[in-house]
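Undergrad: One structure coming up, written as structure tokens, with questions to follow.
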Protein chains: 4
Amino acid sequence: MLVIMRDHASRPEIDHVVELLQEAGAQAHLSGGEVKTIIGVIGDREVVYALELEGLPGVEEVIRVLKPYKLVGRDFQADDTVVRVGSASVGGGDIAVIAGPCSIESQEQMSVVARAARDAGATMLRGGAYKPRSSPYAFRGLAEEGLKMLRIAGDEVGLPVVTEVIDVRDAEIVAEYADILQVGARNMQNFRMLDDLGSMNKPVLLKRGLSATIEELLSAAEYILKGGNRDVILCERGIRTFETYTRNTLDLAAVAALKQLTHLPVIVDPSHATGRRDLVAPMCRAGLAAGADGLMVEVHPDPERAKCDGPQSLTPEAFEAVMKDIAPMVSLMGTRMGWSA
Amino acid sequence: MLVIMRDHASRPEIDHVVELLQEAGAQAHLSGGEVKTIIGVIGDREVVYALELEGLPGVEEVIRVLKPYKLVGRDFQADDTVVRVGSASVGGGDIAVIAGPCSIESQEQMSVVARAARDAGATMLRGGAYKPRSSPYAFRGLAEEGLKMLRIAGDEVGLPVVTEVIDVRDAEIVAEYADILQVGARNMQNFRMLDDLGSMNKPVLLKRGLSATIEELLSAAEYILKGGNRDVILCERGIRTFETYTRNTLDLAAVAALKQLTHLPVIVDPSHATGRRDLVAPMCRAGLAAGADGLMVEVHPDPERAKCDGPQSLTPEAFEAVMKDIAPMVSLMGTRMGWSA
Amino acid sequence: MLVIMRDHASRPEIDHVVELLQEAGAQAHLSGGEVKTIIGVIGDREVVYALELEGLPGVEEVIRVLKPYKLVGRDFQADDTVVRVGSASVGGGDIAVIAGPCSIESQEQMSVVARAARDAGATMLRGGAYKPRSSPYAFRGLAEEGLKMLRIAGDEVGLPVVTEVIDVRDAEIVAEYADILQVGARNMQNFRMLDDLGSMNKPVLLKRGLSATIEELLSAAEYILKGGNRDVILCERGIRTFETYTRNTLDLAAVAALKQLTHLPVIVDPSHATGRRDLVAPMCRAGLAAGADGLMVEVHPDPERAKCDGPQSLTPEAFEAVMKDIAPMVSLMGTRMGWSA
Amino acid sequence: MLVIMRDHASRPEIDHVVELLQEAGAQAHLSGGEVKTIIGVIGDREVVYALELEGLPGVEEVIRVLKPYKLVGRDFQADDTVVRVGSASVGGGDIAVIAGPCSIESQEQMSVVARAARDAGATMLRGGAYKPRSSPYAFRGLAEEGLKMLRIAGDEVGLPVVTEVIDVRDAEIVAEYADILQVGARNMQNFRMLDDLGSMNKPVLLKRGLSATIEELLSAAEYILKGGNRDVILCERGIRTFETYTRNTLDLAAVAALKQLTHLPVIVDPSHATGRRDLVAPMCRAGLAAGADGLMVEVHPDPERAKCDGPQSLTPEAFEAVMKDIAPMVSLMGTRMGWSA
């Protein structure tokens, strides 16, 4: 850690910082020119970082040069984590395609989508049983009934199923039915939920928050790994910016950056990111080209009558076209579809 | 609702939209020139809004002209809501000043702050027992032990106490100790928590999310009112933007806008918004000048050794100076400090 | 255009809007339910749009359903514009790769880069003679001397050259040396410069502003086309968001969207967008996969000693590797490198 | 300057950085623990900063601890700059209120506004003769004819006049008529224009760019001061964020921050920032409470028929009410209206 003092900070101001550091058991090394003094700090990372020196007299800036995460970093584990679940795997060159509707509406809907997804080559099935909605007047999902439908549909076609936990109290029941537990963008910093998922025995799909930095996403994943659960899949799904043409701004440079920073698999959700059906195909291609380990795509048998996210959902036919479109890209990137069988 | 068709949309495309609308029990009124057709939709708001027509062939844009909230709006209730709790009240010209540390660290710390807060003129006491932290390695609060300290400190000086619920499972226990339940920025769209708080009998202080629009904040409050709990206080605490000099960007125009749109009290948290002690005083003044019904200010007996948010915390002396500074502003705005006694 | 009146707008308020519309020669069509009145407006687009009705009593919102641009739109011209300059072309399946240093530093530097660029397969050469710099103390370019070096280097290898006009007064002199005139992000809304470039006989490479929407970028291009110059190439180079890991946030969904909205070629600048050398290759791939018509890449013979943008510049060797990396992507997308010869 | 090496950077990587620093005439001081090496750099600021070491092997981050500006800083000049022009002054406790229409439309319009502005207590008159417009089809101003009208109107009531220079080629002609030259948000980083204004003998009103940081605004002002022109007034006018309820997000914490960082006067433009007439009054109050040295307010005799920015313009009556509203705020802040006479 470095403490940058203000220009011409006084001797007592500097001494005071040094004293606080020593009090905390850290070593302080002073360096500086005529104008600036800089204090280099060496000591136990957690203790030193817990000091909040920013507001002290004479202090201009405190720079934490060590990253706030450890277990998720490439420094800790150089090799790619591969998350395996049933017949599917993701990471280390195995590409996941997770397809399904925004919300589970009926057994028939799910079974139709499941067959279409499997036939087109998806490796996992998704569907929401609990829906976070901005307005309390919108459709909020079928809850456990929906989970059952998802499970049945997944079993019918032999695909593992992914679904979102929007309330920590549902984690157990969701885990009874689902193979992968999704944490939505709004819950990325629901730290107690992350703690709980860290001690569960199910892979977690962690979506980036709407205004979360790359570092915050990695820190959120660190919560889960710290609890002992190493099977975390990260998902870039667009960040909120001033641009309104697309629902969010898909940050594909973050995907490439994450692949360098972490060993965890990283997938892309172009459906939520763009909010526009006609941008899903190009963003699937671009996501894979950026190095993503997978895609999450909304598919609905009848998007026009979908209860949620119709505008960005693909028909089964359109999804099949996307799968054909991306197949050569998967090869070109030296990867393969993540089917174990 | 209006459906704007693309330029030169075809007759079958237009007919298809009309058909879906009629299927849903709504009336469709067509108007348009040579280039554009626009379909005006009249029908039950919730039904019509649930239709997601954006992705249909020929549809360019769907405009929902009715607001997504109702109970929180001035149209529903013209008069200001006044939230009363113990000796304090906020709204309708009553100004709240909520002071206290970011995190509760010890009984002595809380009692010292409580006296300082009361003596300087604060109307409520705050302190965090459960702390959401970006890193799993940071201090996360004293939990129930902290709640007890807060309650004791509040009782010692006769101030109602405010504290955050970060996990819905804690709501009951927090409610045993606290007078007002705070929902933090990260939980603003934790909809199940909002549902639960809606059926509780305690006022809620709802903070705006880091990337939440004004409309989303109001929709989140709508969840609570819809559950039957009318005592909601909104809090502007800065939004996330590209500017890094301040921790967040305090959006005071949102305060003025909220005062027009809703009858609920609106307060400002300049400590979290700016992250800088030296900007707290001017932002307190500016917040009140913008029409805020109150302020939330971090005060710590020894900010240099605070376990959390030290850089933005005021000493008791600095807080007293802020209180003297804002007193004439409170009068100038035609308001008064919200003490019932 | 649609005028959405506030809930329960009064009869005189509605009449007043209608009157102003009629005064401007437009027709007003009223529709609405009990709560809302909506006024559909038909009339001359430019006249109607010039009316600014937003602040009138009873008016809630004014929605302009026609786009603010025309000549750049696919509605106006369905076929791709292909910009041809010397041996190179871009658009309509022809891919441009524009390589070169941020700033021109010497004849030798330029000649070395030019050979490396040509040998690796670039189709155009770039280099800055006038540099916009945030600080007045930074290196600001060699001006006309630099233009000469760029021209010589381009001629030596037979590549057309691209350089930025940062001051409208330089446009003529730059045009004497350059084949394509670049408008930088900071000048995207320098409307008088756009006007001037519109009447010149040189292709223009127009970069998206740091906080410009897709619609604003298209409107800026409209200025140039309106002046009579049809040879405009758009460039996505990252927008400014809260994320600081990358210099800007590369918005590849905007590339895909632009390809739908306009017939103009669209290229991507991953060097400026990310500010990180190690993200250039994946973003080149992803840009092409998103449908871009080309790439702009910073290459410097000795990035460590570059006077500008060293951290994001590639060595000639690294650039060669990128070119090899993207070759199969160019084929996969059904496109070809834009060499005329 | 500090160079933070990556964890476990190799000896040759570290040596290489040191060598480049020494080559540039700087001194390098190494410090570090087992994991991290940090290189402190001392040398000539401009030389050292021109080195772009970010992309070197083993380098994680380069931190420039000295500010990129000097002349505008409080370190360079502790006392407030007071800009005086004719009967008016701004800075050092003198408050400017600059009123007038977005665009100059006719002599009568300007003369009416001028009288209303003066009678209500404004200290300066504004009006646009050249208008930057997103669309080439919008009204773009009366040019020199408008400048004459503005001058006449100002002289009639004895108020100095402010108007925007949108093209550097107009600077001379604008300076013939105007007392203060405004640089609009879109031109904040038009560095050649800043250079030119730096050598002119007229005060400059410099508006913050839509996506400019506080530091970039100060660096832009540095350009002007470096040229020799010390009379610069900064203007906060809202930044672009995800919030769409207001046109931009008024950043009042930036005003308070600027007052600490620079000796230059800082004013606020609530009209452009909010784009909503009904938010102008509260943001005028809040701006002054935040410490602003003045306000810029759009006033039009007939906003409904304004050619530009009608929705945010005040009628003369509404402006008079704002002036009455802010008078006690001006006193409360210990300031006074900036009339010299």
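The values are calculated or read from the model by the stated rules, or taken from the named source; none is laboratory data. Quick caveat: nothing in here was measured; it's all calculated off a predicted structure. Note that we place each Cβ from the backbone using ideal geometry, even for glycine, and neighbour counts take in every protein chain shown. In case anyone asks, the SASA skips ligands and DNA or RNA and just uses the protein heavy atoms, side chains included. Shrake-Rupley method; radii C 1.70, N 1.55, O 1.52, S 1.80 Å.
Undergrad: Among residues belonging to segment B:270-289 that are at the interface with another protein chain (Cβ under 7 Å from one of its Cβ atoms) and at pLDDT below 95, point out the one that is surrounded by the most Cβ atoms within 10 Å (Cβ to Cβ).
TA: B:Arg277
Undergrad: Just to be sure, is D:Asp15 open to solvent by 60 Å² or more (accessible area, probe 1.4 Å) and part of a helix (DSSP H, G or I)?
TA: Numbers: open to solvent by 60 Å² or more (accessible area, probe 1.4 Å): yes; part of a helix (DSSP H, G or I): yes.
Yes; evaluated as a whole, the condition is true for this residue.
One line per residue, one yes/no per condition, for (1) assigned by TED's automatic domain parsing to the domain that holds A:Pro203; (2) surrounded by fewer than 17 Cβ atoms within 10 Å (Cβ to Cβ); (3) of a type in the set (A, V, I, L, M):
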position: A:His8; (1), (2), (3): no, yes, no
position: A:Val41; (1), (2), (3): no, no, yes
position: A:Gln109; (1), (2), (3): yes, no, no
position: A:Arg118; (1), (2), (3): yes, no, no
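Undergrad: Could you count how many residues in segment A:241-269 are facing chain C (nearest Cβ under 9 Å), within 13 Å of the chain's Cα centre (by Cα) and among the β-branched types (Val, Ile, Thr)?
TA: 1
Undergrad: Then there's this: If you check C:Glu222 against the conditions, is it surrounded by fewer than 20 Cβ atoms within 10 Å (Cβ to Cβ), touching a residue at least 12 places away in the same chain (Cβ under 8 Å) and at the interface with another protein chain (Cβ under 8 Å from one of its Cβ atoms)?
TA: Working: surrounded by fewer than 20 Cβ atoms within 10 Å (Cβ to Cβ): no; touching a residue at least 12 places away in the same chain (Cβ under 8 Å): yes; at the interface with another protein chain (Cβ under 8 Å from one of its Cβ atoms): yes.
So C:Glu222 fails the test.
Undergrad: From C:Glu304, C:Glu320, grab the single residue that is touching a residue at least 12 places away in the same chain (Cβ under 8 Å) and more than 30 Å from A:Ala273 (Cα to Cα). Explain how you work it out, then say what you get.
TA: On the way: C:Glu304 fails: touching a residue at least 12 places away in the same chain (Cβ under 8 Å).
Result of the check over C:Glu304, C:Glu320: C:Glu320.
Undergrad: Another question, if that's okay. Of D:Val65, D:Val35, which residue is open to solvent by 50 Å² or more (accessible area, probe 1.4 Å), part of a loop (DSSP other than H, G, I, E, B) and modelled with pLDDT under 90? Spell out the reasoning first.
TA: Details: D:Val65 fails: open to solvent by 50 Å² or more (accessible area, probe 1.4 Å).
From the options D:Val65, D:Val35, the qualifying one is D:Val35.
Undergrad: While we're looking at this one, here's another question. Being open to solvent by 10 Å² or more (accessible area, probe 1.4 Å) and either without any contact (Cβ under 8 Å) to a residue 12 or more places away in the chain or touching a helix residue (DSSP H, G or I) at 6+ places or on another chain (Cβ under 7 Å) (or both) narrows it down to one residue among C:Ala28, C:Ala99; which is it? So that I can check it myself, show each step before the final result.
TA: On the way: C:Ala99 fails: open to solvent by 10 Å² or more (accessible area, probe 1.4 Å).
Of C:Ala28, C:Ala99, the one residue that is open to solvent by 10 Å² or more (accessible area, probe 1.4 Å) and either without any contact (Cβ under 8 Å) to a residue 12 or more places away in the chain or touching a helix residue (DSSP H, G or I) at 6+ places or on another chain (Cβ under 7 Å) (or both) is C:Ala28.
Undergrad: Continuing with this model, one more query. Which of the residues spanning segment C:277-301 are touching a helix residue (DSSP H, G or I) at 6+ places or on another chain (Cβ under 6 Å) and assigned to a loop (DSSP other than H, G, I, E, B)?
TA: Within segment C:277-301, C:Ala290, C:Gly291, C:Ala292, C:Pro301 meet the criteria.
Undergrad: Also: Among the numbered criteria (1) within 12 Å of chain B (Cβ to nearest Cβ); (2) modelled with pLDDT of 90 or more; (3) assigned to a strand (DSSP E or B), which single criterion is violated by A:Val90?
TA: (1)
Undergrad: When segment A:206-217 is examined, which residues are found to be surrounded by 24 or more Cβ atoms within 10 Å (Cβ to Cβ) and part of a helix (DSSP H, G or I)?
TA: The answer is A:Leu217, and nothing else.
Undergrad: Within 19 Å of D:Gly92 (Cα to Cα) and either part of a strand (DSSP E or B) or facing chain C (nearest Cβ under 10 Å) (or both): does that describe D:Leu194? Full working, then the answer.
TA: Values: within 19 Å of D:Gly92 (Cα to Cα): no; either part of a strand (DSSP E or B) or facing chain C (nearest Cβ under 10 Å) (or both): yes.
Spelling it out, it is not the case that D:Leu194 is within 19 Å of D:Gly92 (Cα to Cα) and either part of a strand (DSSP E or B) or facing chain C (nearest Cβ under 10 Å) (or both).
Undergrad: Taking A:Glu46 as the residue in question, decide whether it is open to solvent by 60 Å² or more (accessible area, probe 1.4 Å), away from chain B (no Cβ under 14 Å), at pLDDT below 80 and farther than 30 Å from A:Asp293 by Cα. Give the derivation first.
TA: Numbers: open to solvent by 60 Å² or more (accessible area, probe 1.4 Å): yes; away from chain B (no Cβ under 14 Å): no; at pLDDT below 80: yes; farther than 30 Å from A:Asp293 by Cα: yes.
Here the answer is no, as A:Glu46 does not meet what is asked.
Undergrad: Still on this structure, I have one more. It is to be established whether one or more residues within segment D:247-258 are open to solvent by 30 Å² or more (accessible area, probe 1.4 Å) and under 14 Å from D:Ala122 (Cβ atoms). Outline the logic, then answer.
TA: Filtering segment D:247-258 down to residues open to solvent by 30 Å² or more (accessible area, probe 1.4 Å) leaves D:247.
Subsequent filtering for residues that are under 14 Å from D:Ala122 (Cβ atoms) retains none.
No: segment D:247-258 contains no residue that is open to solvent by 30 Å² or more (accessible area, probe 1.4 Å) and under 14 Å from D:Ala122 (Cβ atoms).
Undergrad: Among the residues of segment A:76-96, how many are hydrophobic (A, V, I, L, M, F, W, C) and open to solvent by less than 40 Å² (accessible area, probe 1.4 Å)? First the steps, then the outcome.
TA: Quick first cut of segment A:76-96, residues hydrophobic (A, V, I, L, M, F, W, C) only: A:76, A:78, A:82-83, A:85, A:88, A:90, A:95-96.
Next, only the ones that are open to solvent by less than 40 Å² (accessible area, probe 1.4 Å) stay: A:83, A:85, A:88, A:90, A:95-96.
Count: 6.
Undergrad: To continue, here is another question. Could you tell me whether any residue of segment C:127-136 is more than 30 Å from D:Tyr69 (Cβ to Cβ) and free of Cβ contacts under 8 Å to residues at least 24 places away in the same chain?
TA: Filtering segment C:127-136 for residues more than 30 Å from D:Tyr69 (Cβ to Cβ) gives none.
No: zero hits.
Undergrad: Further, regarding this structure: Among the residues of segment B:218-257, which ones are touching a Pro at 6+ places or on another chain (Cβ under 6 Å), more than 17 Å from A:Arg240 (Cβ to Cβ) and assigned to a helix (DSSP H, G or I)?
TA: At the first step, the residues of segment B:218-257 found to be touching a Pro at 6+ places or on another chain (Cβ under 6 Å) are B:219, B:222-223, B:226, B:231, B:233, B:256.
If we keep only those that are more than 17 Å from A:Arg240 (Cβ to Cβ) too, we end up with B:222-223, B:226, B:231, B:233, B:256.
If the condition is that a residue be touching a Pro at 6+ places or on another chain (Cβ under 6 Å), more than 17 Å from A:Arg240 (Cβ to Cβ) and assigned to a helix (DSSP H, G or I), then B:Glu222, B:Tyr223, B:Lys226, B:Ala256 are the ones that fit.
Undergrad: Which residues, taken from segment D:120-134, are among the hydroxyl-bearing types (Ser, Thr, Tyr) and surrounded by 21 or more Cβ atoms within 10 Å (Cβ to Cβ)?
TA: Filtering segment D:120-134 down to residues among the hydroxyl-bearing types (Ser, Thr, Tyr) leaves D:123, D:130, D:134.
Answer for segment D:120-134, where residues must be among the hydroxyl-bearing types (Ser, Thr, Tyr) and surrounded by 21 or more Cβ atoms within 10 Å (Cβ to Cβ): D:Thr123, D:Tyr130.
Undergrad: Can you name every residue in segment A:161-185 that is farther than 21 Å from A:Arg237 by Cα and within 14 Å of chain B (Cβ to nearest Cβ)?
TA: Residues satisfying the conditions are A:Val168, A:Arg169, A:Asp170, A:Ala171, A:Glu172, A:Ile173, A:Val174.
Undergrad: Also, quick follow-up: Can you pull out the residues in segment A:302-341 that are within 14 Å of chain B (Cβ to nearest Cβ), open to solvent by 40 Å² or more (accessible area, probe 1.4 Å) and part of a loop (DSSP other than H, G, I, E, B)?
TA: Correct list: A:Asp302, A:Lys307, A:Thr315.
Undergrad: Just one of D:Ile224, D:Ile239 is assigned by TED's automatic domain parsing to the domain that holds D:Leu125, of a type in the set (A, V, I, L, M, F, W, C) and in contact with a Lys or Arg (Cβ under 8 Å, 6 or more places away or on another chain); which is it? Step through it out loud before you land on a result.
TA: Details: D:Ile224 fails: in contact with a Lys or Arg (Cβ under 8 Å, 6 or more places away or on another chain).
So the residue among D:Ile224, D:Ile239 that is assigned by TED's automatic domain parsing to the domain that holds D:Leu125, of a type in the set (A, V, I, L, M, F, W, C) and in contact with a Lys or Arg (Cβ under 8 Å, 6 or more places away or on another chain) is D:Ile239.
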